[in-house]
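Quick notes on the structure that follows.
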Amino acid sequence: MSFGFTEEICGYTIYKTLADLPFRIVEVDRRTGSARIRLVRGAVLDYERQHQYSFEIAAHDCETGNHAQRSVVIVVVVVVVVV
């Protein structure tokens, strides 16, 4: 990888905006850097309160601790109507 990375991604940093975010990043595979964005336990997304969330994340290297370039993540909340 570029950015001065070794072979593995140790985790990700979420750079928050003004509000607390109800998300966390769960690492799936250190070698590929794949991860999932999950809701924190007990969090509920409410479309009426907030239609979308926007924040930045960056991977960090296990050995050096270097951070990759930040990436923008946008989570859109949808309304589900059950009939």
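The values are calculated or read from the model by the stated rules, or taken from the named source; none is laboratory data. Just so it is clear, the structure is predicted and the values come from calculations on it, not from any experiment. Glycine gets a Cβ as well: all are built from the backbone with ideal geometry, and neighbour counts include every protein chain shown.
Could you say which residue among Val72, Val77, Val81 is hydrophobic (A, V, I, L, M, F, W, C), modelled with pLDDT of 90 or more and exposed (fewer than 10 other Cβ atoms within 10 Å of the Cβ)?
Criteria check complete, one pass: Val72.
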Open item on the list: Cβ-Cβ distance below 8 Å, separation of 6 or more or different chains: which pairs start in the stretch 39-53 with a residue that is free of Cβ contacts under 8 Å to residues at least 24 places away in the same chain and end on one that is surrounded by 10 or more Cβ atoms within 10 Å (Cβ to Cβ) and aliphatic (A, V, I, L, M)?
Closed with: Leu39/Leu45
- [ ] Report the residue count in the stretch 20-52 for those that are among the hydroxyl-bearing types (Ser, Thr, Tyr) and more than 28 Å from Glu8 (Cβ to Cβ).
- [x] 1
Open item on the list: So, in the stretch 17-69, how many residues would count as being under 27 Å from Val81 (Cα atoms), aliphatic (A, V, I, L, M) and modelled with pLDDT of 90 or more?
Closed with: 6
- [ ] Could you please give the count of residues in the stretch 44-69 that are assigned to a strand (DSSP E or B) and surrounded by 12 or more Cβ atoms within 10 Å (Cβ to Cβ)?
- [x] 9
